[in-house]
Amino acid sequence: MFGWELPPFNSGGLGVACFGLSKALVARGSKVIFVLPKKQPIKADHLKLVFAGDGIDYLIVDSPLSPYLSSESYDEEYGNLDSKKQRLYGANLFQEVERFAQLSRAIAARERFDVIHAHDWLTFGAGVGAKEVSGKPLVVHVHATEFDRTGGHNINEHVYGKERWGMETADRVATVSGFTKDIVTSRYGINPDKVEVVHNGVEMSADPRRKVGETTLAFKSHGYSVVSFVGRLTIQKGADYFLRTAKRVLEVNPRVIFIISGSGDMERQLIAEASYMGIGDKIIFTGFLRGEELAEVYRASDLYVMPSVSEPFGITPLEALIEGVPVLISKQSGVSEVLKHALKVDFWDVEEMANKILGVLAYPPLKDTLGEYGSAEARGVTWDKAAEKCLSIYGKLTSGLT
């Protein structure tokens with residue numbers, strides 16, 4: 001399995017998905033060799049904690065790649081390295097992807113395995129290389145496409161080409177939703193019969209003893225409601241629509257605090273816009289959070305909002321529901337396929353989004369019902385089901401079935 005990151009050294013949902021799926025595969029008796037392209041300071045005791053049962057061998061290639069790196073950000077981060085490291089790493093993102101693919105061929109030549117599973121376009125070259133070296137079948141897993149990341153505007157043709165090549169070369173394509181399968185078949189021309197939908201899952205980690213932080217308790221003691229957003233601050237995630245919605249809500253109900261948790265290239269822009277709108281005192285920017293701090297944001301919330309412009313799946317609403325928090329999600333998302341007890345809205349419809357937020361805050365029985373039934377529903381969206389689907393795909397490929 002070729003992936004990009006694993007918790008706690010993850011910068012987004014891709015690492016969470018890789019961890020959840022690989023852990024569930026191991027629980028079902030599989031042995032997973034997980035290849036990562038970036039050195040991380042993982043201690044031995046932590047490895048024992050993460051990879052309980054020693055079912056996963058953890059291999060690292062010396063590479064600076066990360067899952068949300070664009071060609072521009074690669075140049076900014078690695079363009080000024082000393083000459084020794086410049087010789088080690090690729091001169092640009094695409095050379096580095098190719099270098100990782102070549103190094104992965106050597107790993108594939110010395111390891112024993114039955115099937116190859118590559119997550120997202122940066123690993124497709126590694127997956128294809130492993131297939132060429134070993135002759136084993138390849139599954140490429142599409143968690144997001146270039147159309148999702150760019151909102152459908154100004155797509156990088158090189159990335160698009162790599163995505164299409166990987167899907168065409170693979171024996172099977174797994175997508176995280178029917179929403180993504182439609183993009184893969186319509187925008188990339190992949191045969192629908194080759195594409196299998198494997199919905200993501202969620203970790204059942206909610207602790208009923210978990211407390212809400214003192215700061216949010218202080219807000220609530222003064223009669224404020226809390227509405228939250230968690231995600232990368234990029235055009236794909238719709239944080240700017242969340243901000244516009246917040247302004248509309250505050251015009252009707254000024255006793256609401258909005259939490260924006262995440263980081264990304266739009267962070268400064270969003271902070272400036274909040275100030276310009278005159279709502280800066282009602283918006284809390286927390287930066288990127290994980291673990292207990294992130295759980296505290298969910299638990300403090302009266303409503304969680306995911307207004308993504310194009311969301312292949314979306315694990316965060318499930319995380320919020322596990323904590324008993326009702327959710328309002330974009331119709332342009334994969335997770336909307338598996339949730340019935342959730343409010344849904346078009347990402348661009350700020351007025352309707354504001355109306356739904358106001359409705360939940362004004363009617364506690366609605367909030368409680370959505371939280372209770374939604375939580376029960378989310379607990380049925382498991383990584384074990386995703387692993388079962390993947391094992392079915394593997395079985396067909398290794399037995400020669402189509």
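The values are calculated or read from the model by the stated rules, or taken from the named source; none is laboratory data. It should be emphasised that the depicted structure is a prediction, and the values quoted were computed from it without experimental measurement. Quick reminder, even Gly has a Cβ in these numbers, built from the backbone with ideal geometry, and neighbours come from all protein chains shown.
Being surrounded by fewer than 17 Cβ atoms within 10 Å (Cβ to Cβ) and among the hydroxyl-bearing types (S, T, Y), is that true of even one residue in segment 151-169?
Yes, there is a match, as at least one residue in segment 151-169 is surrounded by fewer than 17 Cβ atoms within 10 Å (Cβ to Cβ) and among the hydroxyl-bearing types (S, T, Y).
Of all residues in segment 154-190, how many are in a strand (DSSP E or B) and over 23 Å from T398 (Cβ atoms)?
0
Among the residues of segment 12-42, how many are modelled with pLDDT under 85, buried (at least 18 other Cβ atoms within 10 Å of the Cβ) and among the polar types (S, T, N, Q)?
Residues that pass the stated criteria total 0.
Yes or no: D346 in contact (Cβ under 8 Å) with a residue 12 or more places away in the chain and crowded, with 20+ Cβ neighbours inside 10 Å?
Here the answer is no, as D346 does not meet what is asked.
In this structure, does L339 turn out to be among the aliphatic types (A, V, I, L, M), under 23 Å from A174 (Cα atoms) and either part of a helix (DSSP H, G or I) or under 19 Å from the mean Cα position of the chain (by Cα) (or both)?
Judged against the criteria, L339 is a match.
Given the conditions (1) closer than 18 Å to G3 by Cβ; (2) surrounded by 17 or more Cβ atoms within 10 Å (Cβ to Cβ), and given that F113 satisfies all but one, which numbered condition is not satisfied?
If we test F113 against (1) closer than 18 Å to G3 by Cβ; (2) surrounded by 17 or more Cβ atoms within 10 Å (Cβ to Cβ), just (2) comes out false.
Here is a check on your reading of the model: is S301 farther than 21 Å from G152 by Cβ, surrounded by fewer than 20 Cβ atoms within 10 Å (Cβ to Cβ) and not charged (D, E, K, R)?
No; evaluated as a whole, the condition is false for this residue.
Looking at (1) surrounded by fewer than 18 Cβ atoms within 10 Å (Cβ to Cβ); (2) under 27 Å from N154 (Cβ atoms); (3) touching a residue at least 12 places away in the same chain (Cβ under 8 Å), which one does T286 not meet, given that it meets all the others?
(2)
Taking segment 267-283 as the region of interest, how many residues are surrounded by fewer than 16 Cβ atoms within 10 Å (Cβ to Cβ) and of a type in the set (V, I, T)?
0
Which one is nearest to F258 (Cα to Cα) among residues in segment 353-377 that are among the aliphatic types (A, V, I, L, M) and either modelled with pLDDT under 95 or exposed (fewer than 14 other Cβ atoms within 10 Å of the Cβ) (or both)?
Step by step, filter segment 353-377, then rank; the result is A362.
Tell me, which residue of segment 373-388 that is of a type in the set (D, E, K, R) and part of a helix (DSSP H, G or I) is nearest to V227 (Cα to Cα)?
Here the residue is E377.
Condition test on H141, is it surrounded by 24 or more Cβ atoms within 10 Å (Cβ to Cβ) and of a type outside the set (D, E, K, R)?
yes
Filtering segment 229-258 down to residues that are in contact with a strand residue (DSSP E or B) (Cβ under 9 Å, 6 or more places away or on another chain) and of a type in the set (V, I, T), which residue is farthest from F288 (Cα to Cα)?
V249
Filter segment 228-255 down to the residues that are under 18 Å from L361 (Cβ atoms) and surrounded by 22 or more Cβ atoms within 10 Å (Cβ to Cβ) and list them by number.
Residues satisfying the conditions are S228, F229, F242, L243, T245, A246, V249.
Output the residues belonging to segment 105-128 that are more than 27 Å from F313 (Cβ to Cβ) and either under 25 Å from the mean Cα position of the chain (by Cα) or without any contact (Cβ under 8 Å) to a residue 60 or more places away in the chain (or both).
R105, A106, A108, A109, R110, R112
For segment 354-372, does any single residue satisfy the condition of being under 17 Å from H199 (Cβ atoms) and outside any helix (DSSP H, G or I)?
no
Quick check on this structure: which one of I322, I393, I357 is in contact (Cβ under 8 Å) with a residue 12 or more places away in the chain, over 17 Å from N200 (Cα atoms) and either over 19 Å from the mean Cα position of the chain (by Cα) or not assigned by TED's automatic domain parsing to the domain that holds A27 (or both)?
I357
Provide a single number: the residues in segment 360-390 that are under 23 Å from the mean Cα position of the chain (by Cα), closer than 23 Å to A300 by Cβ and among the acidic types (D, E).
Adding up the residues that qualify gives 1.
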